[in-house]
Amino acid sequence: MVVVQTEPSTSAPVHKNRRKLSKKKAPRIPEDGAAEHDEEMGTTARTPAGPDKPSEDTAEDDDALMIDTDDVPLPPSSAPSFGPVSAAAAAGPLKSETRRIAIPPHRMTPLKKDWVNIFGPLTELLGLQVRMNVQRKSVEIRTSKHTKEVGALQKGADFVKAYALGFDVNDAIALLRLDDLYLDSFEIKDVKTLHGDHLSRAIGRIAGQDGKTKFTIENASRTRIILADTKIHILGSFQNIKVARDAIVSLILGSPPGKVYAGLRTVSSRMRQRAL
């Protein structure tokens, strides 16, 4: 039997180094940075051909042309040229103005009776020229050299219109003497749509028995009221017209007269306190 002895080797075991060769992936480049990446790679991105932009030389030429056109004189126009108005002409009388006020047919007869009382204040207080046009059923007024106030024509027109609506001459003449008086007109259908007997009862509530309700509203609000069918006309100052209109609206909507009287008494007492 043969025994073989082997000596241990002092050399370390040999291992094969296997390196994995991995392919490096190219980094992703966003769309915005595509042009920059092309520049780094030494390439230039091609842009689509667009319209040719004007150069700076052409822009300067355009400015020069525009400046040249400003110096060109304008062609003569046929429009007349007016000089400044002199001080004497400006202080002189203005051009006469005319106003025509229509008169209803049922007011022509009272107009003829009270004509003396109508044209007197217009000519004496306001210095207007007045005439009655029977064919056109109207009253025509115009300014003259004796007219001093600028709003005289409007005041005269309001005075004649108030008489045409049915107000008495003595009540309407207050429009000429006072500045804070106005006319207000509205219809019952503007407040509430009524037909037939309902409309008749609303008119009866406003007038009252023998006109008692209407007179009460006039005395409490210091106004004058004309009830012409479905139309209502009020003459007075702004605040007083509002008080009378609120009372009439309450009657149209169905409020009993007693409740309206109580409200008017409260309002009239406040007005007296303010006057004091």
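The values are calculated or read from the model by the stated rules, or taken from the named source; none is laboratory data. None of the values given here were measured: they were computed from a predicted structure. Note that each Cβ is placed from the backbone with ideal geometry, even for glycine, and that neighbours are counted across all protein chains shown. SASA here: full protein model, heavy atoms, side chains in, ligands and nucleic acids out. Shrake-Rupley method; radii C 1.70, N 1.55, O 1.52, S 1.80 Å.
Points worth noting:
- Note on surface exposure: F186, F119, F159 rank F119, F186, F159 by accessible area, highest first, 1.4 Å probe.
- Note on T266 and S96: with the Förster distance fixed at 41 Å, the Cβ-Cβ geometry gives a FRET efficiency of about 0.25.
- Table column - 3J(HN,Hα) (Hz), segment 155-169, Karplus curve with 6.51, -1.76, 1.60, x for Gly and Pro: 4, x, 5, 5, 4, 5, 5, 5, 5, 5, 6, x, 6, 6, 4
- Peptide ranges 147-155, 77-85 listed from the most packed, as the mean C-beta count within 10 angstrom indicates: 147-155, 77-85
- Distance violations [Cα-Cα > 23 Å] among K137/K192; K137/K231; K212/K242; K189/K242: K137/K192
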